[in-house]
Every structure is written in structure tokens, then in C-alpha cells.
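Here is the structure we will look at.
Please treat every number below as a calculation from the coordinates, not as lab data. Bear in mind that the values here come from a model prediction, so they are computed numbers and not experimental data. Note that each Cβ is placed from the backbone with ideal geometry, even for glycine, and that neighbours are counted across all protein chains shown.
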């Protein structure tokens, strides 16, 4: 197999500069990147191992330095960094920076900005942040359908990784419209060269390999260009994602790589293909020894398991070297014990990855053979809309990773349930049913979801719940969500609502004061509406209803203390105990005339009231502050008069004292009728 490698394959200048900067600085300081540094999961994982986190906002950033990725960011991001006094390193590609300047100049000149590119790509999102008004056109079709105002002037820029041939077509169309458009060709020179090389290479080879991350825009464009000229074009993250046993040894293979693909991945692919080519030449000694099989890279052979260790399995291949089967070539599920998959002495088929790894071993893979078989099964499930079972193993940006038929499958967050789920980590480790939503054989991309299944499953659970549940039942549940008006409770796949008024017999201001999300509770079913699927619940203890013995606890005529909890135009409600309120009518607040209850009382005030009436059946208690105050005054007067009782005045013994004899007091003279009495 002859291998040809594109000269410009791999990192472009902007990406290489960003990678070099971060790798050098992460050894001496804490770094975070605002979004993935580049579109390559391998690089992102390697940086994570070095402590470089990926963030999407600046909350909680204090002692870390923020790295602006090569795609660039909108102008307001810089403003926020400065406002928060956050130290940052700008690794924006110089070619992208140039577009930012052109966008700013277009704004100053009063020209409307036109951007040719993908509006969801971070580079384009960043460019849009430098113009208050712009148009984003994805392709020629969108360009042809857009209505441009001949009275306006325009500036046109292009995403740096855009397909150059597609851009030329768009440019020609716009030039024919006779509009005032300043067209700036901002496609990166390296991108144009890489695309031209991919086209030339694809024309002369039998197989074309495009190396790059599935999320890489420029890698996708290389794949589409190559596919036009070479039908056997494959897009893979690494060469090991490619199944080679169906290829011919005399095939000519071309290799190129996206701008965010590390050079090591390209070098690995070249080395692998060289070994595949060289392994076809069998030595004379091997030909004489018929007891020893001949192995080539890419072969599928039978082996016998001879030793199982936590990280790898040794396999007897009837070859001069043992086969080494690493854990990651057995399964992608990190939670699986490989001793449960393979047993000593078991005969298995393996794929030969490398004949000699330099240590006298043959590197083999079981997972890649399983992937072939399992991919066919998943393809069948996709075409026939079959339900497949899988296990969620990890949470990633935008969704989850599940293992289905021993293959890693992406599950978007919007497809994990038929309702919004804030914390996706609750699914980690769970086995669930899935539908295969997308399956790209060339890119080895599989997307699954369970939104429709979740809706069907929930309807079944609801049917069973309503069939077996009746009003008054006590049920165990888990608080799933707190709202201002109450709390939602998961009753085992079905949600019920506890209204705030049913949280306690007492008054509740904030639901979170009573319940917390994730808390396990016992609730009582108040109402069931099967047609609307609504379930009303109560957290109140029915036996603890304070109205049950209100008449006994608060007998008519007694004076008790209470707290003013609500003021209304006709009086004030006073809480006698949690869940038990009585009304002091405005006429019963004071002996004097009261226009407004708030003139005499305030919420939270503790007052004495007299129980005037208790209507336990209608849950009403009439109270009087006026009567309580009057009774208290009477009691006080009585206490004061009793304090002068001579029987309780202490007697003090004293010596007798002789008093002087005084003259008798004469009676007052009678008044004549003419003399008025003195007042």
C-alpha cells in the first residue's frame, strides 16, 4: 500500500501558536480557556490532564488566567474581562483579528456587514460581535435568496476556513448585482492551500483519509472536497478509528489533516500505514516455520486468552510474539471489569493493530472487530427504527456519552428526556432505552436519543399510577423542582405538585424554607385529574390539623396571645398557633373609632385577644382586642385595690404616743340666699 501525505496537513499558524502558548504557560500558572482552545477533543483532553479547564462564563474566576481561543470572541467579552479585572491571554488567530478590524471599520464607515460562513461557528459568532447590524450567509443558495437593498453600502468578509471554490461562486454572483459592496477575501492562505492539496491528492489515490475532530469546520470542508474526487474518502479522528482489513495491499492512500489536528496524529497515521505496507513482506525464516502463523497489520486472527490483568489481556496468537490487548481496545466503558468480558482460555477474534510494538509484542484490538459487527446492528436499528439499550457513562458539553452495542454514542441534552433536565449527571451510570437518530458511516458518528421513548414511557407510568392510586393515599416521593407557587415531587416517573398552601398548617413565605430539591418526603394525594395528568399533593399531616380541637383549646371567653399576620380593610387576622388564625374585626380593635387596622396594629405584633366565638366546622374564630384590653384593665384595678387590704398590711409595734388635746372644730356658717357658694 503506497501512502501519500499532504504537505500542509495539520496545525495552521494560528492554532500552533495558541497550543504552544498554553502548553508553555500551564506549567507555571493556572489557566482556563474560554471555550475549547481548538476543535480537537484529543488536545482538549490532554490540556485537561495538565489542569487547563474549559469555561463558558467568568463566574468564580479569581486567580486563574483566561485564554482567548484561536477562533476569537466578540468585543463585549474583552469588556467583561476588564470590568471583572480578570487577567487574560489573547490567542486569537491573526487572520481572525484582521476580520475584526474590517468589521469595526465597516461600522465606522456606515457600511452593513455581510459575513459568509456558519453563523453557529465560534469564529463567526466573534465577528458578529463587532457589528451592530450584519447579515450571515451560509452558502450560495442563501446568498441568492437574500434581499440586498441597493440604497445601502456593504462590506463582505469570509470565515477563514471557508471553502475557497464556494466563495468564488458567491463573489461572482454578488459582483453581478451592481451593488456597492467592498469584498474582502479573508480566507486564510493556509486553508486555501490545504484545500487545493486535498483536491489534487484525492484525484490520484484510491483511498483518501481526512484526519480531524468531528466538530472541526475546516476538517469537514477537506472531507467534502476530497469526497468529490475520491469516493473512498474517510473522515476519522485517528488512523485507529479506521477499519483496514477490507483494504487492498496495492491501494494508493492519501492522508490530509484539518488545521486543528495535532502533528502527532498525522505522524501516527503515516507510521501505521508504513507498517501495514512493510508487514506484507514475509521473511524467509517465517516461511520455513509452518507452525508459526504470518501476521500483517490489519489482519483478523484467532487467539486464546492466556492472562488477564486490570489494564490489559495477553493473547496467544500462535505467533512468535504474544498479542497485547489493552483495556481501551476491549471496551469504552470505564466501569466494566474486563474479567467479566473475557475469561482465561477463551478463544477470541482480534484485529492486528501493529505487528511489533518495539518490545516484542503484537498490539491487537477486540473493540474494532466488535465495532464492525455492532455498527451493522446499529445501522439496522437506525433504518428500522428499533429500540436499543445503552448505558450512560459520561457527561460532555452539550449532552451525554452512552455505550450502545459496545460503541460510544452521543446523546444531545435536548434528546435525553421529553422535559427539560437541568442536571444531566443524574443519568450517569443508568441503563436506558434509546432510538438511533443519526448514523454517519463515513464519519463513524452515531447520535442517539430517547425523547420520544421517554414520553411513551412516562405515559405508561402515568396510566399505571392513576390506575393504582386514590385520593388520600400516602406516597413516598422526591422533590424534583422548587417554584414560587409550590414544589414538584417525583413520584416514580410521575410529577405531582404541592401548592405552597399545602406545605404546612402554618404560613409559608418561601417554599425553600420548607423543602429542598432532592429531599425525600411522604405526601398525601389530594386530587387526581387523569385527563389533564395533574396530581395535587399535600405535605400537611391530616391528623395534626390544628382545627380538629380548636374549640377545646380556645374556649369562648378566654384571653390568649396571638401574632398579627395579616391586615385587611375590615380588621386583622391573628395567628393563635401555626395554621390557626382568628379575625379581630375592625370594630373590636379598640374602644375608640378605628378607620384603618394598620393605624392601631402592625404585622408581627404580639397582642392579647379575647375569644368571642369558635366555628370549628367553618374554620372561623372571632376575636376581640377591645374586650381583652377591657378585661385586663379590670383585672389590674382589682389587683391594685386588693393590695391595700388591711389584713395583709404588716403590723409594726410602736410605743404609745400621747396626742395634744385640740379645740373642737366649729361648724361652717350658714350661707344667706344672696351669697353664692364658692366652687
Could you please rank 619, 419, placing first whichever residue has the fewest other Cβ atoms within 10 Å of its Cβ? 419, 619
Arranged from highest to lowest average of other beta-carbon atoms within 10 Å per residue, in what order do the peptides 184-197, 256-269 appear? 256-269, 184-197
Can you give the convex hull volume per residue for the Cα atoms of segment 372-530, as a whole number of Å³? 123 Å³
The Cα extents of segment 545-618 along the principal axes, largest first and rounded to whole Å, are 34, 21, 21
Test of understanding: ordering 124, 447, 43 by Cβ neighbours within 10 Å, fewest first, what list do you get? 447, 43, 124
With Cα atoms, 0 to 90° folded angle of helix 164-175 axis to the chain main axis: 70 degrees
Mind sorting 19, 115 by how few other Cβ atoms lie within 10 Å of their own Cβ, fewest first? 19, 115
Roughly what angle does helix 13-25 make with the longest principal axis of the chain, taking Cα atoms, 0 to 90 degrees, to the nearest 10? 60 degrees
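Please compute the length gained on full extension between residue 501 and residue 480, using 0.36 nm multiplied by the number of residues separating them and subtracting their Cα-Cα distance.
5.7 nm
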Pairwise FRET efficiency - residue 120 versus residue 302, Cβ, R0 = 41 Å, nearest 0.05: 0.30
One would report the antiparallel percent of DSSP beta bridges in segment 294-365, rounded to the nearest 5, as 85 percent
Quick check on packing: order 78-89, 386-397, 160-171 by the mean number of other C-beta atoms within 10 Å, highest mean leading. 160-171, 386-397, 78-89
If I take the Cα coordinates of the chain and project them onto the principal axes, what are the three extents in Å, biggest first? 161, 75, 63
State the Cα centre-to-centre distance between segment 298-364 and segment 11-88 in whole Å. 39 Å
Among beta bridges that DSSP assigns inside the chain, antiparallel share in %, nearest 5: 65 percent
Give me the angle, in degrees from 0 to 90, between the Cα long axis of helix 625-642 and the longest principal axis of the Cα atoms of the chain, rounded to the nearest 10. 50 degrees
How would you order 523-530, 458-465 from highest to lowest mean count of nearby Cβ atoms within 10 Å? 523-530, 458-465
